[in-house]
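S.K.: Take a look at the following structure, please.
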Amino acid sequence: MKLHTLTTALLALVLVPAAHAQPVATVAAPSPTAAAFLSQFADEGTDSVSWAQFEAFRQQRYAATDSNHDGHVDAQEYANEYLQRFDTRLANARAGHLKQTDTRFKALDRDNNGVISRAEYDAAGERTWAGYEKSQDATRESAAATSRDPLKMPTSHTANGMLELYDRNRDGVVDRAEFDAVRAASFAATDTDGNGTLSLAEYTAEFDARLERQRVRVRADAARQAKVRFDSLDKDKDGRMTFAEYQASGKRMFERADSNGDGVVDARDPEPVAGAHSANGNR
């Protein structure tokens, strides 16, 4: 009897704390839109940005953009500031792509002899073609489905990428003859010493050259887009952007990320519905 009583008491001591234990609070991750906004504008170690903080940041950026300090931002100043930031993004993206080159080379070099033979190269091509045949429906895949890579490097892992890489007659379809012809030409161009195999140096040099061509192309597009944005923001068309005109785009950006309209971008903001605006429009 005493043993039974003692056992019951011990069980009670063990179970009572468990019964009263509080669930561990989990911190919600911000939505993709909020996360992208916070990665650009939140101070290190913080996970929120208020409207006041964002407006102060925009005022500082506007002042820095006004390189001749005349109190206004002209089209060239606007483009220069944007392209300076964009160049940093492009450089980081390029470094990231090059960092993956060694991994891709090793994946293709199946016998691990330090070079890619034509047979290994063709075997990779067969796998790529098989994947493409399984995703013919994806030829209508939108650009929005691609990654946030500022270089927008085409990849054979997406239907759009396959079209850009291999659709030489631009008919919206990649046939096997086109695919094989492009891959054969690419192997020959990459094999600069003509020995029938691709070294890591040759493989990297060919990819780096493509990265540079893509960088030039997307940078030119970015410069044109900056001019279009300036013209759109310069409402009175006097060729000089005031801070109020400049901040119009910032306001739209903030309000999209601040989807619950409470004046703070943080993890409490759900992913905005396409085309929706924040409920708080008095900023």
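The values are calculated or read from the model by the stated rules, or taken from the named source; none is laboratory data. Note that the structure is a prediction, hence the values are computed from the model and not measured. Positions of Cβ are generated from backbone atoms using ideal geometry, with glycine treated the same way; all protein chains shown enter the neighbour counts. We work out accessible area using only protein heavy atoms, side chains counted, and drop any ligands, DNA or RNA first. Shrake-Rupley method; radii C 1.70, N 1.55, O 1.52, S 1.80 Å.
S.K.: Could you give the nm distance between label points at Asn195 and Asn113, where each point is 7 Å from its Cα heading toward the beta carbon?
M.R.: 1.2 nm
S.K.: Further question: For Arg104, what accessible area in Å² do you get when you roll a 1.4 Å probe over the heavy atoms of the protein chains, rounding to the nearest 10?
M.R.: Taking all protein chains as shown, Arg104 has close to 80 Å².
S.K.: Which of the residue pairs Lys106/Lys152; Lys106/Lys134; Lys99/Lys134; Lys134/Lys227 have a Cα-Cα distance greater than 32 Å in the structure shown?
M.R.: Working: Lys106/Lys152 24 Å; Lys106/Lys134 25 Å; Lys99/Lys134 29 Å; Lys134/Lys227 41 Å.
Exceeds cut-off: Lys134/Lys227.
S.K.: Please list Val115, Val49 in order of solvent-accessible area, largest first, computed with a 1.4 Å probe with all protein chains present. Before the final figure, lay out the partial values.
M.R.: Values: Val115 40, Val49 5 Å².
Solvent-accessible surface, decreasing: Val115, Val49.
S.K.: Enter the Cα centre distance for the pair region 205-268 and region 157-182, rounded to the nearest angstrom.
M.R.: Each part's Cα centre sits 32 Å from the other's.
S.K.: What is the set of long-range amide H partners of Met241 at a cut-off below 5 Å, with H atoms built 1.01 Å from backbone N?
M.R.: Val73, Asp74
S.K.: Okay, moving on. Take Glu271 and Val182, extend 7 Å from each Cα along the Cα→Cβ direction, and tell me the distance between the two endpoints in nm.
M.R.: The two pseudo-label positions are separated by 3.0 nm.
S.K.: Can you compute the FRET efficiency between Thr88 and Ala123 using 1/(1 + (r/R0)^6), with r the Cβ-Cβ distance and R0 = 41 Å? Round to the nearest 0.05. Write down the numbers at each step before the final one.
M.R.: Details: r = 38 Å, r/R0 = 0.93.
Between Thr88 and Ala123 the formula returns 0.60.
S.K.: At a probe size of 1.4 Å, how large is the accessible area of Asp70, to the nearest 10 Å²?
M.R.: 80 Å²
S.K.: Is the shape of region 168-276 best called rounded, prolate or oblate, per the rule: a/c under 1.5 gives rounded, else a/b larger than b/c gives prolate, else oblate, with a ≥ b ≥ c the square roots of the Cα gyration tensor eigenvalues? The partial results should precede the final answer.
M.R.: Numbers: a/c = 2.82, a/b = 2.23, b/c = 1.26.
Prolate shape, in that a/c is at least 1.5 and a/b is the bigger ratio.
S.K.: Given points 7 Å out from each Cα along the Cα-Cβ axis, report the Asp43 to Arg210 separation in nanometres with one decimal.
M.R.: Result: 4.4 nm between the two label points.
S.K.: Roughly how much of Thr103 is accessible, in Å² to the nearest 10, using a 1.4 Å probe?
M.R.: 80 Å²
S.K.: With unit charges on the beta carbon (Lys/Arg positive, Asp/Glu negative), name the residue among Ala185, Val218, Met253 whose Cα is farthest towards the positive pole of the charge dipole of region 175-270.
M.R.: Met253
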